[in-house]
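First the structure, in the form of structure tokens, and then the observations on it.
The values are calculated or read from the model by the stated rules, or taken from the named source; none is laboratory data. Values in this document were obtained by computation on a predicted structure and should not be read as measured data. Every residue, glycine among them, receives a Cβ derived from its backbone with ideal geometry; neighbour counts consider all protein chains shown.
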Amino acid sequence: MSFVFENCRPVPISEIRKIMLDDLGQNVLDLFIHIEAIPIACATIAQVHVATMYGCEKSVVIKVQRPTSKTLMTLDMKNMILVSRVMEILGIHLPFDHISVLLEYQNQVRTN
């Protein structure tokens, strides 16, 4: 069973570069002079690295989604929708339509 946590073990920078290349293309990696190997933040969904870009005087941060996060997010979304449906069946009503909110979020944030 997986849970969402902060301070996770970082994904190696070599894999981060591969994720960026696979998801965004070679031209994106060509924008960076340097990407720090050690992330400044690392959690279940993503990790954050300081980077230096060509033509940019200030450092930037890049947030890269971890390879396992899509599976975790999909499971979390299904569980939240299930709980919302059970609440509806039991007559537990919130002051907003939580099922519609979750279904729209699921539609907007493609996790599968």
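So here's what we get for this one:
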read-out: Val64 being at pLDDT 85 or above and part of a strand (DSSP E or B); value: yes
read-out: Filtered residues of the range 40-61 (kept if at pLDDT below 95 and under 14 Å from Glu15 (Cβ atoms)); value: Cys42, Ala46, Gln47
read-out: Residue in the range 61-70 that is exposed (fewer than 13 other Cβ atoms within 10 Å of the Cβ), of a type in the set (Ser, Thr, Tyr) and in contact with a strand residue (DSSP E or B) (Cβ under 7 Å, 6 or more places away or on another chain) present; value: no
read-out: Test: residue in the range 58-75 that is without any contact (Cβ under 8 Å) to a residue 60 or more places away in the chain, more than 30 Å from Tyr105 (Cβ to Cβ) and in the same structural domain as Leu21 (by TED's automatic domain parsing); value: yes
read-out: Neighbours by Cβ (under 9 Å, 6+ apart or cross-chain): first from the range 93-112, modelled with pLDDT under 80; second of a type in the set (Gly, Ala, Ser); value: Thr111/Ser69
read-out: Residue list for the range 24-61, filter: among the hydroxyl-bearing types (Ser, Thr, Tyr) and in contact with a Cys (Cβ under 9 Å, 6 or more places away or on another chain); value: Thr44
read-out: Residue that is farthest from Arg66 (Cα to Cα) [pool: residues in the range 4-51 that are of a type in the set (S, T, N, Q) and assigned to a helix (DSSP H, G or I)]; value: Asn27
